[in-house]
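Chemist: Mind having a look at this structure? Questions to follow.
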Amino acid sequence: MKKLTVVAATLGALALPSAFAAQAPSLTVHVDQPTAKVSPMLYGLMTEEINYSYDGGIYAELVRDRAIGHGFGALSHWAMVARGNAQVNVSGDDATGPSGALTRSLKVSVTAATAAAPAGVENDGYWGIAVRPNTVYSGSFYAKTDSSGVPVTISLQNDETGVVAATATVNGLTGEWKQYTYTLKTGDVPVSKNNHLILTIPRPATVWLNLVSLFPPTYHNRVHGNRIDLMEKLAAMHPRFLRLPGGNYLEGDHIADHFDWKKTIGPWVDRPTHPSPWGYRSSDGMGLLEYLEWCEDLKIEPVLAVYAGYSLMQEHVDPGPALEPYVQDALDEIEYVTGSTDTRWGAERAKDGHPAPFPLHYVEIGNEDEFDRSGSYDGRFAQFYRAIRQHYPGLQLIATTPVKSVTPDVLDEHFYMPAEQSFHEAHHYDHHPRNGPKIFVGEWATREGDPTPNLEAALGDAAWMTGLERNSDLIIMASYAPLFVNVNPGGMQWATDLIGYDTLTSYGSPSYWAQVMFGAHLGTEVVQTDLADAGLRIYASVTRNAAHRKLFVKVVNATSVAQPIAIDLEGAGKVGAQASLTTLSGKTPNATNSITDPRVVVPVQYPVTIAGPKFTETFVPYSINVLDLSY
Ligand code: AHR
């Protein structure tokens, strides 16, 4: 994480000479003077496994620790179930597992049980399992037994009421590891989130289990796909790309723990899972192909970050022969994403169920390599750059910090800022030289409020985004980070995250809504704008879509009073009388949304009548506004 030095606050009106302060703010928009093209990929998404973003987040799996984890806290989500006089012991068994990748299993030894008093094991999901009425859930597990034919009954049971919402029985277990599938269909049950998944047997026997899984319906009905509510929230942001798979998650704490994409593809049983730097083990259910299908479902493209030989605990691979296998992995990865089915890795992708290649234009080499104190990035970047350029000359290559030996196409810059700083940094790129690499602001956020940002943060974000838009000839892409947080206790590793959720519902923070508003009104060209802000915390950017004769005027009023702003649309000719104003505001900067109160700060759209090219619009206190006009 890069932190900029906090600079002095913008002067408030009280600090200004009274004659100046008395002037009302005004905004002159030179509608006929485009200054730059808006990057069509300006707004996108940045993602990684943090704050239970995938497991317990967008990846819709309901069973926690399905691959029977190793290390601290292993098996803490699996508990014994014994009805009546039944007896059972549950343990991790390192002696048997379903594959070479998963060499461990959950051993369920039942010593006393009957059909009326069965015994087995239960899973508590990610802070509960959501159950909805009249819903079909698809499940599977790997198992073997010492008592062939022992039936396994699977049910979803409410912790508070004891009501079983759905049940199914799987027969045919043998002494060999095999995968079984089952379906749970709920009837007219209430919506609830405090449920367990329970697997029991009706007689004494030992059953070994692994990859116990249960999925609700998913976005676009993808098998093992993503949560519908979270995907819908992302779609509403109108993103153009997904930066994946990190962030620190790409790098891992140690070289051995980096995101090793080849271990995240194919059947789950061939995915060994891996420790993430954010304190828990990743199931790798969200593997490379799942990321790409996520992009496909949102009709966006990946910005693929490849591991570049640096991990967070100051471990690095020296440029030269030692780095070659990592460079080859990156080339293979690009081939997996883009190659036709007659390439080795394109064929592998087809085998995994996706013959069609994915679009790819941007590849990022590493993540935040300025933290590599060995100074090896210049050499590592150059080695990756040359190899990728040779094989894929059309790709744009992104460096994570400035390098000297070659010139990157794009530089990724990160900003995590308090609101005070975001307001100031709204002008960060206004005078930035245009003769170097393009800029990708691959991570940024105004950090006020947790687990999700409050209105003050959203005001800072919106001020900052006016700067991104004004300079979108230079800033070709930008993505807020982190995107997600599971709001349950222990779910958050990083405060101030765009979208919060539990197992049942989700909500957008005020910052999320600011992104929705900006993303929905991107425009194609920046137009020359003169804002006389009277020294107040007022920010603006204006874009147009000439083909549709649309003008998008974004105004941020971060002051505590309503601001009438005289707007002059110079060169617009005729202006449509009917316009709309979308406003996001709240009573105080601390106003926020939460899982229990998700709609305190949400955008409201009003019709407005525009008198002509010169008019005054009043923007309410603490507000982010988009005026959508025709000209
Ligand atoms: O967004 C959280 C973390 O911040 C990312 O993983 C890392 O790239 C940055 O330091």
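The values are calculated or read from the model by the stated rules, or taken from the named source; none is laboratory data. On a predicted model such as this, the values are computed, not experimentally measured, just so you know. Here the Cβ is made from the backbone with ideal geometry for all residues, glycine too, and neighbour counts use every protein chain on show. These area figures cover heavy atoms from the full protein model, side chains too; ligands, DNA and RNA do not enter into them. Shrake-Rupley method; radii C 1.70, N 1.55, O 1.52, S 1.80 Å.
Chemist: Of the residues GLU570, GLU525, which single one is touching a helix residue (DSSP H, G or I) at 6+ places or on another chain (Cβ under 7 Å), more than 21 Å from ALA236 (Cα to Cα) and among the charged types (D, E, K, R)?
Modeler: Numbers: GLU570 fails: touching a helix residue (DSSP H, G or I) at 6+ places or on another chain (Cβ under 7 Å).
So the residue among GLU570, GLU525 that is touching a helix residue (DSSP H, G or I) at 6+ places or on another chain (Cβ under 7 Å), more than 21 Å from ALA236 (Cα to Cα) and among the charged types (D, E, K, R) is GLU525.
Chemist: Using the structure shown, decide if GLY442 is open to solvent by less than 10 Å² (accessible area, probe 1.4 Å) and in a helix (DSSP H, G or I).
Modeler: On the way: open to solvent by less than 10 Å² (accessible area, probe 1.4 Å): yes; in a helix (DSSP H, G or I): no.
Criteria not met by GLY442.
Chemist: Moving on to the next point. Looking only at region 280-294, which residues are open to solvent by less than 10 Å² (accessible area, probe 1.4 Å) and touching a Pro at 6+ places or on another chain (Cβ under 7 Å)?
Modeler: TYR291, LEU292
Chemist: Can you pull out every residue in region 84-115 that is aliphatic (A, V, I, L, M), in contact with an Asp or Glu (Cβ under 8 Å, 6 or more places away or on another chain) and open to solvent by less than 20 Å² (accessible area, probe 1.4 Å)? Please lay out each step first, then the result.
Modeler: Quick first cut of region 84-115, residues aliphatic (A, V, I, L, M) only: 86, 88, 90, 95, 101-102, 106, 108, 110, 112-113, 115.
Those left that are additionally in contact with an Asp or Glu (Cβ under 8 Å, 6 or more places away or on another chain): 101, 106.
Hit for region 84-115 is LEU106, nothing else.
Chemist: Report yes if LEU298 is more than 16 Å from the ligand (Cβ to nearest atom), open to solvent by less than 20 Å² (accessible area, probe 1.4 Å) and aliphatic (A, V, I, L, M), otherwise no.
Modeler: On the way: more than 16 Å from the ligand (Cβ to nearest atom): yes; open to solvent by less than 20 Å² (accessible area, probe 1.4 Å): no; aliphatic (A, V, I, L, M): yes.
For LEU298, the condition - more than 16 Å from the ligand (Cβ to nearest atom), open to solvent by less than 20 Å² (accessible area, probe 1.4 Å) and aliphatic (A, V, I, L, M) - is not met.
Chemist: In addition: Considering only residues of region 180-223 that are open to solvent by 70 Å² or more (accessible area, probe 1.4 Å) and within 28 Å of CYS295 (Cβ to Cβ), which is farthest from the chain's Cα centre (by Cα)?
Modeler: THR181
Chemist: Output the residues belonging to region 343-402 that are closer than 18 Å to ILE265 by Cβ and assigned to a loop (DSSP other than H, G, I, E, B).
Modeler: Selection gives THR343, ASP352, GLY353, HIS354, PRO355, ALA356, PRO357, PHE358, LEU360.
Chemist: Here is a follow-up. Every residue in region 340-367 that is among the small types (Gly, Ala, Ser) and open to solvent by 10 Å² or more (accessible area, probe 1.4 Å), please.
Modeler: If we filter region 340-367 for residues that are among the small types (Gly, Ala, Ser), which is where we start, we get 340, 346-347, 350, 353, 356, 366.
Listed by number, the residues that qualify are SER340, ALA347, ALA350, GLY353, ALA356.
Chemist: Further, regarding this structure: Take the residues in region 24-54 that are open to solvent by 10 Å² or more (accessible area, probe 1.4 Å) and among the aromatic types (Phe, Trp, Tyr); name whichever of them is nearest to THR559 (Cα to Cα).
Modeler: This residue is TYR43.
Chemist: Exactly one condition in (1) open to solvent by 20 Å² or more (accessible area, probe 1.4 Å); (2) within 22 Å of VAL131 (Cα to Cα); (3) part of a loop (DSSP other than H, G, I, E, B) is not met by GLY57; state its number.
Modeler: Tallying (1) open to solvent by 20 Å² or more (accessible area, probe 1.4 Å); (2) within 22 Å of VAL131 (Cα to Cα); (3) part of a loop (DSSP other than H, G, I, E, B), GLY57 fails exactly one: (1).
Chemist: Considering each residue of region 510-536, count those that are within 21 Å of ALA36 (Cβ to Cβ) and part of a strand (DSSP E or B), and give that number.
Modeler: 7
Chemist: Something else: Test of understanding: among PRO277, PRO319, PRO272, which residue is surrounded by 17 or more Cβ atoms within 10 Å (Cβ to Cβ) and under 30 Å from SER140 (Cα atoms)? Give the derivation first.
Modeler: Working: PRO319 fails: under 30 Å from SER140 (Cα atoms); PRO272 fails: surrounded by 17 or more Cβ atoms within 10 Å (Cβ to Cβ).
One residue alone meets the criteria, PRO277.
Chemist: Hey, can you tell me all the residues within region 475-499 that are part of a strand (DSSP E or B) and open to solvent by 10 Å² or more (accessible area, probe 1.4 Å)?
Modeler: Of all residues in region 475-499, those part of a strand (DSSP E or B) come to 475-480, 484-486, 499.
Answer for region 475-499, where residues must be part of a strand (DSSP E or B) and open to solvent by 10 Å² or more (accessible area, probe 1.4 Å): just ILE476.
Chemist: Filter region 409-439 down to the residues that are away from the ligand (no atom under 13 Å from the Cβ) and assigned to a strand (DSSP E or B) and list them by number.
Modeler: VAL410, LEU411, LYS438, ILE439
Chemist: Is it the case, given these coordinates, that SER560 is touching a residue at least 12 places away in the same chain (Cβ under 8 Å), among the small types (Gly, Ala, Ser) and over 19 Å from ASP628 (Cβ atoms)?
Modeler: Details: touching a residue at least 12 places away in the same chain (Cβ under 8 Å): yes; among the small types (Gly, Ala, Ser): yes; over 19 Å from ASP628 (Cβ atoms): yes.
So SER560 passes the test.
Chemist: In addition: If GLU456 meets every condition in (1) within 27 Å of the chain's Cα centre (by Cα); (2) closer than 23 Å to GLY44 by Cβ; (3) acidic (Asp, Glu) apart from one, which number is that one?
Modeler: Going through (1) within 27 Å of the chain's Cα centre (by Cα); (2) closer than 23 Å to GLY44 by Cβ; (3) acidic (Asp, Glu) one by one, GLU456 breaks only (2).
Chemist: Residue by residue through region 237-257, note down the ones that are open to solvent by less than 20 Å² (accessible area, probe 1.4 Å) and more than 16 Å from the ligand (Cβ to nearest atom).
Modeler: Correct list: MET237, PRO239, PHE241.
Chemist: Go through region 348-386 and give me each residue that's under 12 Å from HIS316 (Cα atoms) and either within 16 Å of the ligand (Cβ to nearest atom) or not assigned by TED's automatic domain parsing to the domain that holds LEU331 (or both).
Modeler: We begin by selecting, within region 348-386, every residue under 12 Å from HIS316 (Cα atoms); these are 366, 369, 371-377, 379-380.
Once the filter is applied, which keeps residues that are under 12 Å from HIS316 (Cα atoms) and either within 16 Å of the ligand (Cβ to nearest atom) or not assigned by TED's automatic domain parsing to the domain that holds LEU331 (or both), region 348-386 yields GLY366, ASP369, PHE371, ASP372, ARG373, TYR377.
Chemist: Still on this model: For region 258-269, give me the residue count where each residue is buried (at least 17 other Cβ atoms within 10 Å of the Cβ) and either within 14 Å of the ligand (Cβ to nearest atom) or free of Cβ contacts under 8 Å to residues at least 40 places away in the same chain (or both).
Modeler: 3
Chemist: Taking the criterion of being free of Cβ contacts under 8 Å to residues at least 12 places away in the same chain and in contact with a strand residue (DSSP E or B) (Cβ under 6 Å, 6 or more places away or on another chain), would at least one residue in region 162-177 satisfy it?
Modeler: Of region 162-177, the ones free of Cβ contacts under 8 Å to residues at least 12 places away in the same chain are 162, 164.
Filter once more, keeping what is in contact with a strand residue (DSSP E or B) (Cβ under 6 Å, 6 or more places away or on another chain): 164.
Scanning region 162-177 turns up at least one residue that is free of Cβ contacts under 8 Å to residues at least 12 places away in the same chain and in contact with a strand residue (DSSP E or B) (Cβ under 6 Å, 6 or more places away or on another chain).
Chemist: Next question. Kindly indicate whether any position in region 461-472 is more than 30 Å from PRO589 (Cα to Cα), modelled with pLDDT of 95 or more, part of a helix (DSSP H, G or I) and within 16 Å of the ligand (Cβ to nearest atom).
Modeler: The initial filter retains those residues of region 461-472 that are more than 30 Å from PRO589 (Cα to Cα), namely none.
Within region 461-472, not a single residue is more than 30 Å from PRO589 (Cα to Cα), modelled with pLDDT of 95 or more, part of a helix (DSSP H, G or I) and within 16 Å of the ligand (Cβ to nearest atom).
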